[in-house]
Amino acid sequence: MLSHFRFLLPIALIGAGASIAASVGTSSTCDASCLEIVQNGNAWEIDQHASRDFAFYEAPSNFSSKLSPGSILTVEPVTELANYSVPSGLTMSRFIYTTNDLNGTTLPASAYILWPYTPLATGKNQGYPMVAWAHGTSGVLRGCAPSNYRSLQYHFQAPFALALQGMVVVAPDYAGLGVDTLPNGQKIGHPWLTGPAQANDLANAILAAREAFPSILKANGPFVTMGHSQGGGATWAFAEKLVKEPIAGYKGTVAIAPTTRIIDHLKDAFSNITEPWAQVIISGQPKLIAAVTAAFPEYNYSGLTPTSYDRWFNVLEPLDGCLPTDTLAFTNVTTDELAIANWYDAPTVQEFAKLAESGRKQFKGPLLIVSGEADIVVPLDTVEPAVDDTCAMLKQEHWNESLELITYSAMDHFPSIQASQMKWLPWIKDRLTGAPAPKAGCVKNGVNGFRTEDTFQTAFPNFLEGWASVEESWKYGL
């Protein structure tokens, strides 16, 4: 989900001297100083890409909408790591595969695989154990594919840590990120914060990875799904998807700070507008409007104001910008100018809200949910009610599944990943190595951290954020 605040953004980028990375369309609301800030920021963002050549992400000529989701289109068996920060001993592959959107339409999408130096020991003839990783918000445009980020976006917080512990990490970029155009030129929109859509991308990436590397990733080999924020909503929705569409080898799901009812969360924000968490979701309205349009093209960005429409189409989109550029592009846009008042009450948006929801449905477990008590991006107050409602259904309908919610005191959005590693890492290993599964039913526990008042944390994703000056902290939103 969002990992930044518009009110923390720098003015000091003016005159920073970075080269102009791309030409921006004529904007009627972003003056010369605004454009210089945005373009300088975008130039820095581009430097964080492993490659400026996006040829890999062009939809292959062998793509057909008639293909089954989960089919392999293109495989890059060995990715050149010279421009990545992947730890020594690990190797990487990328691939293009078919996925399907909420309407069932087949689309091309991209993903990466991190290969461990040596695999975690599992059962005989099971192949390498897999964790299907679902990332949090990187942006909503082509350039926001984590597979082309030097650090793969979440670096040691999740993918590096998992691979270094002997697990194959299969990580979809999600539809619309990386591969954003069909062979006929039609654009592929990214349905941001739409858990069931990203669950499709995750499921199909698992199937395609197995097809691409059948001798290593067995058709029934053990796997766990794990995600954070947007990816947490995706993995929870994935666990729900498996009720009707099982995938062999599934051993459980971890959802950290999962998004659940995003439109309801936005409406609540306007009733609590002075709260820090409210400002976070309110600032994301243009991306939500774009997400509704991705799911319902006829909506056509109807919720944007003239100002936000100009910033989206004449500033952000021409630069192919991701979170840092997005942050800068809307830095001086007031709340009233971000979106048309009450746009979320439109019938199309309400239909989107129903389709986008994660939680409150039957699921395949075991399901481990983690939430930081100080999370201002996906507050515990949005996660716990979804857990409680799901658990009430579990009890009433006698589902033979396990759900555990663990809350971490004083932890914010990204710090909750690191604070909870002592729980989720052995939990995943236990699932993959055949340890007894948790008992059916719902459990809620809390962890009180040691010296939490003295730790340093922010809502930004990069744990090196503290190394930057206040004026440059926006960079670590990548």
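The values are calculated or read from the model by the stated rules, or taken from the named source; none is laboratory data. Nothing here was measured: the structure is a model prediction, and the numbers come from that model. Cβ placement follows ideal geometry from the backbone for every residue including glycine, while neighbour counts extend to all protein chains displayed.
Being closer than 30 Å to Lys124 by Cα, part of a strand (DSSP E or B) and modelled with pLDDT of 95 or more, is that true of even one residue in region 256-277?
no
If you check Asp101, Asp53, which single one turns out to be among the acidic types (Asp, Glu), under 22 Å from Gly176 (Cβ atoms) and without any contact (Cβ under 8 Å) to a residue 40 or more places away in the chain?
Asp53
Answer yes if at least one residue in region 446-461 is at pLDDT 95 or above and outside any loop (DSSP other than H, G, I, E, B), and no otherwise.
Checked against the condition, which is being at pLDDT 95 or above and outside any loop (DSSP other than H, G, I, E, B), region 446-461 yields at least one hit.
I'd like to verify a number: residues in region 415-439 that are out of contact with any Pro (no Cβ under 7 Å at 6 or more places or on another chain), in contact (Cβ under 8 Å) with a residue 60 or more places away in the chain, small (Gly, Ala, Ser) and under 24 Å from Ala386 (Cα atoms), how many?
Qualifying residue count for the region: 2.
When the residues of region 373-393 are filtered to those that are assigned to a helix (DSSP H, G or I) and among the hydrophobic types (A, V, I, L, M, F, W, C), which remaining residue is surrounded by the fewest Cβ atoms within 10 Å (Cβ to Cβ)?
Among those residues, the one meeting the criterion is Ala392.
Checking Val169 against (1) part of a loop (DSSP other than H, G, I, E, B); (2) closer than 15 Å to Ala111 by Cβ, which test does it fail?
(1)
Are any residues in region 224-250 surrounded by fewer than 24 Cβ atoms within 10 Å (Cβ to Cβ) and in a strand (DSSP E or B), and if so, which ones?
Residue satisfying the conditions is Tyr250 alone.
Among (1) small (Gly, Ala, Ser); (2) surrounded by fewer than 24 Cβ atoms within 10 Å (Cβ to Cβ); (3) assigned to a helix (DSSP H, G or I), which single condition is Gly221 missing?
(3)
Please enumerate the residues belonging to region 284-312 that are within 23 Å of the chain's Cα centre (by Cα), in a helix (DSSP H, G or I) and surrounded by fewer than 19 Cβ atoms within 10 Å (Cβ to Cβ).
Pro297
Each row is one residue, and each column tells you yes or no for (1) outside any helix (DSSP H, G or I); (2) modelled with pLDDT under 95; (3) buried (at least 18 other Cβ atoms within 10 Å of the Cβ).
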| residue | (1), (2), (3) |
| --- | --- |
| Thr325 | no, yes, yes |
| Glu351 | no, no, no |
| Leu355 | no, no, no |
| Ser358 | yes, no, yes |
| Lys361 | yes, no, no |
| Gly365 | yes, no, yes |
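So how many residues does region 82-100 have that are crowded, with 22+ Cβ neighbours inside 10 Å and closer than 17 Å to Gly195 by Cα?
Going through region 82-100 one residue at a time, the tally reaches 1.
Considering only region 105-162, state which residues are closer than 17 Å to Ile206 by Cβ, in contact (Cβ under 8 Å) with a residue 60 or more places away in the chain, part of a strand (DSSP E or B) and among the hydroxyl-bearing types (Ser, Thr, Tyr).
Ser110, Tyr112
Could you say which residue among Glu240, Glu211 is closer than 21 Å to Arg431 by Cβ and acidic (Asp, Glu)?
The match here is Glu240.
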